[in-house]
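First the structure, in the form of structure tokens, and then the observations on it.
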Amino acid sequence: MEFLTEEVVYCPYCGEAIEVLVDPQEAGQQYIEDCQVCCKPITFDVAVDSMGNLSVSVRDENETY
Ligand SMILES: [Zn+2]
């Protein structure tokens, strides 16, 4: 499975729906991208489950684990 997957996430700041393309090779990584609407930095977490499905979760920059 090496195709880019399109996922829809919602900005943690303004709630805008954002389409992101995730690369299966990015699983387990995270990156930061500014929201196109409110320009705040969103942290994207790319994860893969046991079935091999990619998922993306977002959180705001100040949130901690
Ligand atoms: Zn936003």
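Nothing in this text is a laboratory measurement; each read-out follows from the coordinates by a stated rule. Bear in mind that the values here come from a model prediction, so they are computed numbers and not experimental data. Here the Cβ is made from the backbone with ideal geometry for all residues, glycine too, and neighbour counts use every protein chain on show.
General remarks:
- Charge dipole (the chain, unit charges on Cβ, about Cα centre) - positive-most of Ile18, Pro41, Gly28: Pro41
- Integer Hz, Karplus 6.51/-1.76/1.60 couplings in order for segment 10-19, x for Gly and Pro: 10, 4, x, 9, 10, x, 5, 6, 10, 8
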